[in-house]
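The values are calculated or read from the model by the stated rules, or taken from the named source; none is laboratory data. Keep in mind that this is a model prediction, so the values were computed, not measured. Please note: Cβ atoms are built from the backbone with ideal geometry, for glycine as well, and neighbour counts cover all protein chains shown.
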Amino acid sequence: MNKKYDNSRSFLLVTYNLYHKLDTLTGPNKAYCLSVYMSLLKYAWKSSDYKCSVRYSTLIKDTKLSKMTVRRSCSLLSDLGIITIKRLPSANHYSMNIRYLKAERYTTEHTKVYNRTLRGTRENSINRSINTVITNNTNIDKIISKGLGRDTTILELSKLSYEELKNDKKNSYYCSKAITLKEDNDKNKNLVPVEKILRTLKNVGGKKSNAFYRAKVAYNKANGIKPWEK
């Protein structure tokens, strides 16, 4: 009788939602949080519900970060809703938000993952994603592949049409930001420039709007009189 294997995770995919969720952090905090998060996953992914109980000393050993940095990173991850923390007497109990994870499942033996994924006996989701990017070489893909940086990439994408941005399903973060910027730019086109408003205000109520002043200027010009020669 052949042994039957349960569906088991061969690896985990960390989504772009997680990576860009950390964009709100300043300085090196994003890198610290990613390091701590990957350390937590090392223990949490063994559980079907993505939970684990880990001491700070374990995370410090894995990440080579100080205790203060590890504690702050855990707190930041919790504030962002990426993990939840429950205090225990000698450790913390962590729960991963599965919204930021995607499991790759197979029915074959876990030890065969290396041969299966690298030798191409079965296409996995990573290969499918790479092939999709190569075959669907859209304008959005071309801009993002240039590596222009977050702000410049969003600016370049905002020059594309609404339809193209809304129909793209692979780069939802960048496309949503580009749509927002595009909408803001369209609104600003209908506004009167500040410089024009200031020029108008400067002329309104000033001496140039006074009838006697304009008449005097016209008289001086007609008679060749310069103001300083009066």
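Can you name every residue in the range 154-169 that is surrounded by 11 or more Cβ atoms within 10 Å (Cβ to Cβ) and either modelled with pLDDT of 90 or more or over 14 Å from HIS20 (Cα atoms) (or both)? Give the steps one after another, and end with the answer.
As a first pass, look at the range 154-169 and keep what is surrounded by 11 or more Cβ atoms within 10 Å (Cβ to Cβ): 154-160, 162, 164-168.
Residues satisfying the conditions are LEU155, GLU156, LEU157, SER158, LYS159, LEU160, TYR162, GLU164, LEU165, LYS166, ASN167, ASP168.
When ALA103 is tested against the conditions (1) at pLDDT 90 or above; (2) surrounded by 13 or more Cβ atoms within 10 Å (Cβ to Cβ); (3) under 28 Å from the mean Cα position of the chain (by Cα), the lone failure is (1).
Exactly one residue out of ASN17, ASN2 is in a helix (DSSP H, G or I) and either at pLDDT below 85 or touching a Phe, Trp or Tyr at 6+ places or on another chain (Cβ under 6 Å) (or both): that is ASN17.
Answer yes or no: is there a residue in the range 208-225 that is modelled with pLDDT under 65 and not aliphatic (A, V, I, L, M). If you could, list the steps in order and put the result at the bottom.
As a first pass, look at the range 208-225 and keep what is modelled with pLDDT under 65: 208-209.
Subset that is not aliphatic (A, V, I, L, M): 208-209.
Yes, the range 208-225 contains a residue that is modelled with pLDDT under 65 and not aliphatic (A, V, I, L, M).
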